[in-house]
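The values are calculated or read from the model by the stated rules, or taken from the named source; none is laboratory data. Please read these numbers as outputs of a predicted model, since none were measured by experiment. Quick reminder, even Gly has a Cβ in these numbers, built from the backbone with ideal geometry, and neighbours come from all protein chains shown.
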Amino acid sequence: MHAALELSASIDADAILQMHRALLEHGDPNIAGRWRQQQVWIGGGSLGPHTAQFVPPHHDRVPALIDDLIVFANRVDVPVIAQIAVAHAQFETIHPFPDGNGRVGRALIQAMLRGGQLTRSVAVPVSAGLLHDTAEYFDALGEYRSGNVEPIVRSIAEASFGAVANGRTLVHDLEAVRADWRTRVTARRGAAVHRLVDLLLRRPVVDNKLVTSTLGVTGANAQIAIDRLVDAGILTQITDGRRNRIWQAKDVVRVLDEFAARAKRRRH
């Protein structure tokens, strides 16, 4: 997602390859950042595409199809949400990678939201809205491939508006958590413990190494800050023993769980 947002100012084939590389370079480096080199299909059996739900274009056609998609994605005469929906559906139809197409396709949505200046400083959780009903989402993709654009545009639009509302609630809940934490911690302005509080709103699970590198303090001072938040009931150790310890901010995890539960509720 960071790669997608960093590349949002210039969406081209290389940007898409970089998104895929960021996603899979550790898990599957042999395919990371490369177009697929074989025929693939969705559903059906492993022996052939005869009973597949969908068969994407032959891999020889992928580069040209991506170039065509990029031209459309960079147009400025199309309503942005509709443009994003069509670009996303076309990307999933091209299916340019052996794996990771869904995640890269959803990252592309974020890049286009930022590039279209509909977002500035956050990633809108559109994916949660899209995937609350996967059958509906895949039906919309199927309709697009049959020439009916309306269902996928409607799905993206509804998911976007729902995500904005849910995201605003999440921000409000996180601000309430931070205000509560501030009452539990007393330290001078700019102290590491205050900066650790802010970090936990973004990274609710930490270890000493992460705190040390992110806050730019020594390991000993990082541990002092962690211990103070443990004493304040803000952090809880979730590993056993004294080595490789990991701590969790349970209040942030609770808020994120509530956010996820709201996202999964079916829209009416």
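For the stretch 50-74, give me each residue that is exposed (fewer than 15 other Cβ atoms within 10 Å of the Cβ) and at pLDDT below 95.
Those that are exposed (fewer than 15 other Cβ atoms within 10 Å of the Cβ) and at pLDDT below 95: 50, 51, 52, 53, 74.
Condition (residue is within 18 Å of residue 70 (Cα to Cα), charged (D, E, K, R) and at pLDDT 95 or above) applied to the stretch 87-107: is it met by at least one residue?
yes
Before we move on, is residue 157 out of contact with any Ser or Thr (no Cβ under 7 Å at 6 or more places or on another chain), over 15 Å from residue 85 (Cα atoms) and outside the structural domain of residue 8 (by TED's automatic domain parsing)?
For residue 157, the condition - out of contact with any Ser or Thr (no Cβ under 7 Å at 6 or more places or on another chain), over 15 Å from residue 85 (Cα atoms) and outside the structural domain of residue 8 (by TED's automatic domain parsing) - is not met.
Given the options 27, 48, name the one that is more than 23 Å from the chain's Cα centre (by Cα) and either at positive phi or not in a helix (DSSP H, G or I) (or both).
48
Look through 118, 131 and report the one residue that is surrounded by fewer than 18 Cβ atoms within 10 Å (Cβ to Cβ), in the same structural domain as residue 30 (by TED's automatic domain parsing) and either of a type in the set (Phe, Trp, Tyr) or at pLDDT below 95 (or both). It would help to see each step written out before you state the result.
Details: 131 fails: in the same structural domain as residue 30 (by TED's automatic domain parsing).
Sole residue among the options that is surrounded by fewer than 18 Cβ atoms within 10 Å (Cβ to Cβ), in the same structural domain as residue 30 (by TED's automatic domain parsing) and either of a type in the set (Phe, Trp, Tyr) or at pLDDT below 95 (or both): 118.
Among 210, 196, 215, which is surrounded by fewer than 17 Cβ atoms within 10 Å (Cβ to Cβ) and of a type outside the set (S, T, N, Q)?
Going through 210, 196, 215 in turn, just one is surrounded by fewer than 17 Cβ atoms within 10 Å (Cβ to Cβ) and of a type outside the set (S, T, N, Q): 210.
For the stretch 62-76, which residues satisfy the criterion of being without any contact (Cβ under 8 Å) to a residue 24 or more places away in the chain and more than 22 Å from residue 140 (Cα to Cα)?
Scanning the stretch 62-76 gives 64, 71, 75, 76.
Do we find that residue 79 is in contact (Cβ under 8 Å) with a residue 24 or more places away in the chain and out of contact with any Gly (no Cβ under 9 Å at 6 or more places or on another chain) in this structure?
For residue 79, the condition - in contact (Cβ under 8 Å) with a residue 24 or more places away in the chain and out of contact with any Gly (no Cβ under 9 Å at 6 or more places or on another chain) - is not met.
Is one or more of the residues making up the stretch 57-64 farther than 16 Å from residue 14 by Cα, basic (Lys, Arg), over 20 Å from the mean Cα position of the chain (by Cα) and assigned to a helix (DSSP H, G or I)?
Yes, because at least one residue in the stretch 57-64 is farther than 16 Å from residue 14 by Cα, basic (Lys, Arg), over 20 Å from the mean Cα position of the chain (by Cα) and assigned to a helix (DSSP H, G or I).
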